[in-house]
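The values are calculated or read from the model by the stated rules, or taken from the named source; none is laboratory data. Model, not experiment: these values are computed from the prediction. When we count neighbours, we look across all protein chains shown, and the Cβ atoms used for this are built from the backbone with ideal geometry, even at glycine.
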Amino acid sequence: MSDLTRLSAASLSKMISSRELSAVEVTTAHLDRIAAVEDRVHAFLHVDAEGALDAARRVDAGEITGPLAGVPIAVKDVVTTKGVPTTAASKILEGWKPPYDATIVERLKQAGMPILGKTNMDEFAMGSSTEYSAYGATNNPWDLGRIPGGSGGGSAAAIAAYEAPLAIGTDTGGSIRQPGAVTGTVGAKPTYGGTSRYGLIAFSSSLDTPGPCGRTVEDTALLHAVMAGHDPRDSTSINQPVPDVVAAARLGKNGDLSGVKLGVVKEFAGDGSEPGVLNSFKESLEALVKLGAEIVEVSCPHFEYALPAYYLIAPSEASSNLARFDGVRYGLRTGDDGSRSLEEVMSLTREAGFGPEVKRRIILGTYALSSGYYDAYYGQAQKVRTLITRDFQSAFEQVDVLVSPTTPFVAFPFGSRTSDPYQMYLADLFTIPTNLYGGPAISVPCGLSEGLPVGFQIMAPTMADDRMYRVAAALESAVGSFTPPEL
Amino acid sequence: MTYDEILTKYEPVIGLETHVELGTRTKMFCGCKTDFGAEPNTQVCPVCLALPGALPVANRAGIEATIRIGLALNCDIAEWCRMARKNYFYPDMPKNFQTSQYDEPLCTDGYVDVTVNGTEYRIGIERVHLEEDTGKTLHVGGATGRIHGATESLVDYNRAGIPLVEIVTKPVPGLGALAPEIAKAYVAELRDIVRSLGVSDVRMEQGSMRCDVNTSLNLPGEEWGTRTETKNVNSLRSVERAVRSEIIRQAAILDDGGKIFQETRHFQETTGDTRPGRSKETATDYRYFPEPDLVPIAPDPAWVASLRESLPEKPSVKRARLREDWGISEVDMQSVTNAGAVELIEETIAAGASPAGARKWWMGELARRANELDVDLAEVGATPAQVAALQKLVDAGKLNDKLARQVLEGVVAGEGDPADVMAARGLEVVNDTGALTKAVDDAIAANPEIAAKIRDGKVAAAGALVGAVMKTTRGQADAKAVRELLLERLGVS
């Protein structure tokens, strides 16, 4: 039965709707797979077998139909699920059960998708390796001694290890795409505002974007279509029709990219990457040219300031977003023994509840917003953000999409980048500009470097998410997919 | 130094920051109700409790009310502005930041004209901005109900997220000894303007309008002095007292060669002076930045124009018009305004009472009663319709003044409409001629000597017999009617 876990979401969906398979069978197979491999992968923080099977039974009873009805899914632990623990991988929220579902979770449930559980991540989505999870790191199914990327390493690893066919991620600076790249899976960051943030525990409000993770481009597009769309509870949500990403992915599959102009970002196509990564990227470009695409070199001169700007904007917003974790209303409370003042209890709670990277960013953000420093840091970073947006806009006057490697290096060994935060931050060098601009981007597997997956990033203009799916599906059809060794 | 002596030496500069709680049906950033006095934590949701993942959505009615206040205060309305986060930790503030406005307020640069002692003063308005209220903390277990000594603190989040509008004046110099009175007149005018818009009940004693008063003193020709900010100023009278006491306190320090420190002080209702609060020098750095969870506010100019056109008559214009209609003096009109009786009297007249009659009840018996009960006149327990009905009973001769007061007492006590109270208490003027004739005849029979005098033409002696009749009818007879009947029975009319 474990073969079921190797099937694509598209195939599972067809077989469930034709009654070749029951949704309960499919969910059970994935729960069995989770039970079999979790001791080695540790992709999940919480498995909700009962909830998932209940949802599957409702599909089998014919209560819910739809494109992904009965196809199970894993949800990153930063997204609220009613009655199911949601911790954002932080001690400060240990045991917290939200009284409400995130909008995207509501949509999964309405679509009849059984939710297998909550996936591991860097605490509050701050990190690129899951090493900052308060509950231990996730191991990369390709090499259990290496990181699965972050922050959404749990979601990517769960898919790569066949524990789930699909997963929800969130991308603030690359947290969907970089884990996708280093686990050989597909991860898409939709247009900011294209997917609702209501129920996504905020890290950086102006950057956070929930998105789909899958093993194929088409699967990812199917999930994208289920979760996207306007939400009146998120005022930054865009009230426009969702681009038809599924049709675009199917169009791309036929392998014809005639007339499509790909812009290679000059600043991201050189020395910054490992040779193996660069090599796969160049081979992919050649493959795309063979499909009829035209390659244009494009300069985005302000992209080099994206990383420093991001590390001012994101921590600034985080310092404010994370202020609510004070032990007063929910989650951890430390030191409330009757002898301490409220301020002391708040302070002890935050000291005990937050991990080192979260504290580092809260302190950084608090400093950047301080009076006297605001203009030099936060204000300046916002100006850079505007310049990066203009780089994108002028690039998209010349080309249809921009391309680059997703991340400069393949999955690295645990502990190799934790001593120097900057080395860790470099993992998001190529993904961050998109978040600052607000457009969509996707990472699709494009090759192996020393036996480890390499990701190819495609960036599109805002609300043109369909374009990147088309190119990604074409590339996928040209280079094939990549299967990790048996666990 | 006396107050007047101080003002010959120093020049005060005042400034006022007023918070008005909007009367929107739902909170500013979520759909929770805003009913006053509900059970604690029954009007809350993930958004106003700041549960992880919850997001705000701005209430259009709150934005509209703010713009209307801005327009009524002659402000410019921003074409584009943003909300901002004001970051500080406080247990009754769920997010540990307040969603407010910082350097991009919705309304700027307006003014309010107020009249004191016949002279008009223009108070500049610096800004009008929109923000949200916090919850309320209750400290339990201590002797005083204050945080010190309390064993537990309970937080009620019902108020958290209710829209607040902050109205900040420009610094106002040059008012001299009248500064306290003008400050009070400004707040009263502001209250009337906001009330006329129907966007808040502006009740200072219930906290739906709260005032902070900034005061400084300087010697003539010198720079403005260091200002203090006085909080907890919760009535019109307190505004005046707070400014006055702060002028006196600061003058004493300056005269002693001392320095004024920039600080927050608290007005003491009982003593009428101010006491130090949190020092501004150690004040938090609020780390304001634009609220990324909300889209910018860009009011459509056509919408703003329509709001401007639909503004109600200005209270000052309306007062002038009513003063004319009612035929009363400026001083009388001012007391009507100060008593919060303008609309009540207006509605009473509309319900059929004469202007004099309507004003008499509201400014007399009912104002006295409201004062006793320490409530707003509107809350005293009588409606304009009831007062009008009462006055009609008087005009119809069914009640005399004394009886009408007793009926009103019953109305205020909740016994029903004037006619019901009159019937239930048996207070109607005795107009039954038979009963009255008998009472008159009895009085004549009991006082033959007086009756004889009257028959002899000493009509002035009738008073004694009228008094006797009034006594036997327990005041329920109409004295004038009694007199006429008496003279008739004695054959002298």
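Structure above, values below:
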| read-out | value |
| --- | --- |
| Answer residue from the stretch A:247-274, given it is free of Cβ contacts under 8 Å to residues at least 60 places away in the same chain and either surrounded by fewer than 17 Cβ atoms within 10 Å (Cβ to Cβ) or among the β-branched types (Val, Ile, Thr) (or both) and is nearest to residue B:290 (Cα to Cα) among those | A:266 |
| Residue in the stretch A:143-165 that is of a type in the set (Val, Ile, Thr), within 14 Å of chain B (Cβ to nearest Cβ) and over 12 Å from the mean Cα position of the chain (by Cα) present | no |
| Hits in the stretch A:164-190 (condition: in contact with a Pro (Cβ under 9 Å, 6 or more places away or on another chain) and part of a loop (DSSP other than H, G, I, E, B)) | A:164, A:165, A:176, A:184, A:185, A:190 |
| Count - residues of the stretch A:196-231 that are over 30 Å from residue A:480 (Cβ atoms), buried (at least 21 other Cβ atoms within 10 Å of the Cβ) and away from every other protein chain (no Cβ under 13 Å) | 0 |
| Pairs with Cβ under 7 Å, 6+ apart, first in the stretch A:80-94 and more than 9 Å from chain B (Cβ to nearest Cβ) and over 11 Å from residue A:118 (Cβ atoms), second part of a loop (DSSP other than H, G, I, E, B) and aliphatic (A, V, I, L, M) | A:90/A:134; A:91/A:134; A:91/A:332; A:92/A:332; A:94/A:332 |
| So residue B:112, is it within 11 Å of chain A (Cβ to nearest Cβ) and surrounded by 17 or more Cβ atoms within 10 Å (Cβ to Cβ) | no |
| Hits in the stretch B:220-264 - residues which are at positive phi and part of a loop (DSSP other than H, G, I, E, B) | B:221, B:257 |
| Which numbered condition residue B:93 misses (of (1) within 14 Å of chain A (Cβ to nearest Cβ); (2) buried (at least 22 other Cβ atoms within 10 Å of the Cβ); (3) over 24 Å from residue B:38 (Cα atoms)) | (3) |
| Residue B:238 vs. criteria out of contact with any strand residue (DSSP E or B) (no Cβ under 8 Å at 6 or more places or on another chain) and over 30 Å from residue A:192 (Cβ atoms) | no |
| Complete set of residues in the stretch B:4-38 that are in a loop (DSSP other than H, G, I, E, B) and within 26 Å of the chain's Cα centre (by Cα) | B:22, B:23, B:24, B:25, B:27, B:28, B:34, B:35, B:36, B:37, B:38 |
| Residue match in the stretch B:319-333 (condition: buried (at least 18 other Cβ atoms within 10 Å of the Cβ), part of a helix (DSSP H, G or I) and more than 21 Å from the chain's Cα centre (by Cα)) | yes |
| Residue within the stretch A:113-131 that is within 14 Å of chain B (Cβ to nearest Cβ), out of contact with any Lys or Arg (no Cβ under 8 Å at 6 or more places or on another chain) and under 21 Å from residue A:53 (Cβ atoms) present | no |
| Leading residue by the ranking (surrounded by the fewest Cβ atoms within 10 Å (Cβ to Cβ)) among those in the stretch A:283-308 that are among the charged types (D, E, K, R) and closer than 13 Å to residue A:263 by Cα | A:297 |
| Scan of the stretch A:232-264 for residues that are within 14 Å of chain B (Cβ to nearest Cβ) and of a type in the set (A, V, I, L, M), ordered by number | A:238 |
| Of all residues making up the stretch A:191-220, the number that are in a loop (DSSP other than H, G, I, E, B) and either farther than 18 Å from residue B:293 by Cβ or charged (D, E, K, R) (or both) | 4 |
| Flag if residue A:71 is in contact with a helix residue (DSSP H, G or I) (Cβ under 7 Å, 6 or more places away or on another chain) and part of a loop (DSSP other than H, G, I, E, B) | yes |
| Unique residue being within 30 Å of residue A:389 (Cα to Cα), in contact (Cβ under 8 Å) with a residue 24 or more places away in the chain and not aromatic (Phe, Trp, Tyr) when the list is A:175, A:133 | A:175 |
| Top-ranked residue of the stretch A:304-341 - restricted to ones that are of a type outside the set (D, E, K, R) and free of Cβ contacts under 8 Å to residues at least 12 places away in the same chain, ranked as farthest from the other protein chains (Cβ to nearest Cβ) | A:339 |
| Selection count, the stretch A:95-104, where residues are in a helix (DSSP H, G or I) and within 10 Å of chain B (Cβ to nearest Cβ) | 1 |
| Qualifying residue in the stretch B:290-313 (condition: touching a Pro at 6+ places or on another chain (Cβ under 7 Å), modelled with pLDDT of 95 or more and more than 25 Å from residue B:58 (Cβ to Cβ)) | no |
| Residue B:366 in contact (Cβ under 8 Å) with a residue 40 or more places away in the chain and farther than 30 Å from residue B:118 by Cβ | no |
| Residue B:57 among the β-branched types (Val, Ile, Thr), surrounded by fewer than 22 Cβ atoms within 10 Å (Cβ to Cβ) and not in a strand (DSSP E or B) | yes |
| Flag if residue A:88 is more than 24 Å from residue A:69 (Cβ to Cβ), of a type in the set (A, V, I, L, M, F, W, C) and under 16 Å from the mean Cα position of the chain (by Cα) | yes |
| Residue within the stretch A:104-123 that is farther than 29 Å from residue A:25 by Cα and crowded, with 23+ Cβ neighbours inside 10 Å present | yes |
| Breaking point among (1) within 14 Å of chain A (Cβ to nearest Cβ); (2) over 28 Å from the mean Cα position of the chain (by Cα), for residue B:81 | (1) |
| Counted residues, the stretch A:394-433 - those being touching a residue at least 60 places away in the same chain (Cβ under 8 Å), out of contact with any strand residue (DSSP E or B) (no Cβ under 9 Å at 6 or more places or on another chain) and not aromatic (Phe, Trp, Tyr) | 11 |
